[in-house]
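To keep things clear, I will list the structure first and then write my remarks on it.
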Amino acid sequence: MLHPKQFEVNEAWIAFRINDAPIRTDRDGDFNCIALMDAASCYILGLELIPVTAAEPPAAQFRSMLKNAQRQKQQLPKTLFVAREDVADLVTREATEQNIEVVRVSENELLIYTGEARQAFADRFEEDSR
């Protein structure tokens, strides 16, 4: 079972969908929000909105997300965790091109990291979008 204490800051990051329900907008349609989190500190490094019609972030959008996080942290991680249940072909390809090892784990294994962030997001934003 994974735990934040297993990692040093910036050793591993997690890419995950932070919202349970689509974020609804009148003008631009519905979106999912993809988060990038440091596994040791559980610090959210960045968020990106992607249309619900997209299975995963486009490679260029994920590349930008990685670059922005790299600017903040002055490095890229060695490992990126992604839930097995998520479609992540483009994310995997982009991370691999950046020499980041992608490790697919069950979403349940990531809950120790993502659960609190998802709950806070739902409490603040998903109630407003209904």
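Descriptive notes on the structure:
- Residue match in the stretch 54-63 (condition: of a type outside the set (S, T, Y), over 27 Å from R124 (Cα atoms) and buried (at least 21 other Cβ atoms within 10 Å of the Cβ)): no
- Check on T96, under 11 Å from the mean Cα position of the chain (by Cα) and either among the β-branched types (V, I, T) or more than 24 Å from D28 (Cα to Cα) (or both): no
- Criterion (among the small types (G, A, S) and touching a strand residue (DSSP E or B) at 6+ places or on another chain (Cβ under 6 Å)) met by exactly one of A55, A88, A120: A88
- The single condition among (1) assigned to a helix (DSSP H, G or I); (2) under 14 Å from I18 (Cα atoms); (3) open to solvent by less than 90 Å² (accessible area, probe 1.4 Å) that V91 does not meet is (2).
- Flag if E85 is at pLDDT below 95 and open to solvent by less than 30 Å² (accessible area, probe 1.4 Å): no
- Screening the candidates E56, E116 for the property of being assigned to a helix (DSSP H, G or I) and either among the acidic types (D, E) or farther than 17 Å from N19 by Cα (or both) yields one hit, E116.
The values are calculated or read from the model by the stated rules, or taken from the named source; none is laboratory data. Nothing here was measured: the structure is a model prediction, and the numbers come from that model. Every residue, glycine as well, gets a Cβ built from its backbone with ideal geometry; the counts of neighbours run over all protein chains shown. Just the protein is used for accessible areas: all its heavy atoms, side chains included, with ligands, DNA and RNA removed. Shrake-Rupley method; radii C 1.70, N 1.55, O 1.52, S 1.80 Å.
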